[in-house]
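Below is one structure, written out as structure tokens, with a few remarks after it.
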């Protein structure tokens, strides 16, 4: 049964230095508030897992919280590159970062395998690309048809953190709109935290609604607006201007650091 | 010349990409010009065209050009919204999507793409975003149209990293690798349209846009681009196409 708690308490008890942490959300429902709380609590040496490291991971990498990044697309969607991620890879600033790089299909299958507690997933892909050389993938032969396929290793993060629209008082979570890999991330991890826009008395079924039962979640914390500048469909709107603003601000190390100090580190911890 | 007077090379590129979707049932798109072209195709040529974004939105009907592939409007207007594992395993990997529009930082003579790094992988000069969905999209959608700016920086002799296979090292490579889609059927640039030679699979100059010379195209291509006789000139954008495109971008 998920414990309804504060974001600060949830992060303090679930996220440890050195953990493998997946903060997921495919453009939609990105858990910014939780990621910022991880930074405020000074977690270090994290292995950050995420299909699309965008602004949130740019911030976490730029603050030096990550030793390793597991990912498939590190860009600012629709705007361009991620300058802190680039600086870390190209110039090892503020520290070197190890990469475990895959395709989207590979990462999605790796999460699904983790959720199923399978050691690997089997798919068609990677062959003939440079990723085949750099990624941890192995060819396998289908025992039934003889077809040559590719195996990708399961993802089993220590902690998964996702955002959703709402939860009830038993910690059952409902999200709707783009579901990304939210369910797979939660089920693949040893521990999980879901932040929500609001706690409701009873979940009301939504078209396309995805329910994650409270008994597979460790903690649920209310964090209104907790996915901004990403969004929570039906409740908040994506702040496209911020994504463009980030492209300018994040180019400069000092401006970045100062902005993070003022807006994140000294920001108010969500109650 | 159109009644709208001048048009930009970017407008021609978008219009030409949109025309390639006139008879398509479905198209897989990322953000930027591919998305603009696909929405334009729905407005002008093919109102039933199914737009598929990798965020899981199938049959999205955006009114505006979205900034990100996961904008709220895409989910709200879609026929169905699916998870990422379902998108790649049930929809992309099976060849259910007819055309895929892809961009890249580098394109080579066999339509292979790089979106990973400029320079050496371990010590890159420029770290690019990475593969995203491109390798499997290019492998298994029924055909691929590459959309890229025509410069020597983009059209290179040798990719720094092969993120996505076009025709690999030449004819028959796709079959050998088990890639079930046809591969790139066109590269649409702001200067021209390149198409693979049916025998060699090598990109050749098939069509140049109005006002562009063959020399200009060759100058902006990093290898000796084969020219098939005298290439056709792209029909100018019509008033209908230009009005619709400009109206779309002003929304």
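Any read-out appearing in this document is the output of simple, stated calculations on the displayed coordinates, not a laboratory observation. The shown structure was predicted, so the numbers you read here are calculated from the model rather than taken from an experiment. Note: ideal-geometry Cβ built from the backbone for every residue, glycine included; neighbour counts use all protein chains shown.
Before moving on, here are some points about what is shown:
- Residue with peak Gaussian network fluctuation, chain A [Cα springs, cutoff 10 Å], from A:192, A:20, A:103: A:103
- When restricted to Cα atoms, segment B:82-165 yields an Rg and a Dmax of 13.5, 39 Å, respectively.
- Principal axis dimensions, largest first and in whole angstrom, of segment B:167-242 by Cα: 44, 30, 19
- Fraction of beta bridges assigned by DSSP in chain B that are antiparallel (%, nearest 5): 50 percent
- Label-point gap, in nm, between residue A:244 and residue B:79 - each point 7 angstrom along Cα→Cβ: 3.3 nm
- √(5λ) per eigenvalue of the Cα gyration tensor, segment B:4-76, largest first, Å: 21, 14, 10
- Convex hull of Cα atoms in segment A:151-231, direction-averaged projection (nm²): 5.8 nm²
- Taking all C-alpha pairs of segment A:79-224, those more than 24 Å from each other amount to 49 percent.
- Cα-based shape type of chain A, given that a ≥ b ≥ c are square roots of the gyration tensor eigenvalues and the cut on a/c is 1.5: oblate
- Projected-area mean, the protein assembly as shown, by convex hull of Cα positions, square nanometres: 23.5 nm²
- Per-residue Cβ neighbour rank within 10 angstrom, fewest leading, B:172, A:104: B:172, A:104
- The distance separating the Cα centre of segment B:181-251 from that of segment A:187-232 comes to 48 Å.
- More than 21 Å apart - percent of Cα-Cα pairs taken over segment B:109-251: 49 percent
- Label-point gap, in nm, between residue A:122 and residue A:9 - each point 7 angstrom along Cα→Cβ: 4.7 nm
- The protein assembly as shown - share of DSSP beta bridges that are antiparallel (%, nearest 5): 40 percent
- Backbone N atoms of segment B:49-78 closer than 18 Å to the 7 Å Cα→Cβ label point of residue B:238 belong to residues B:49.
- Order of B:55, B:230 - criterion: other Cβ atoms within 10 Å of each residue's Cβ, fewest first: B:230, B:55
- Note on chain B: GNM, Cα springs under 10 Å; of B:44, B:52, B:80, the largest mean-square fluctuation is that of B:80.
- For segment A:77-138 versus segment A:145-186, the gap between their alpha-carbon centres in whole angstrom: 17 Å
- Binning the alpha carbon pair distances of segment B:9-250 at 10 angstrom intervals from zero yields the distribution 8, 32, 37, 20, 3, expressed in whole percent.
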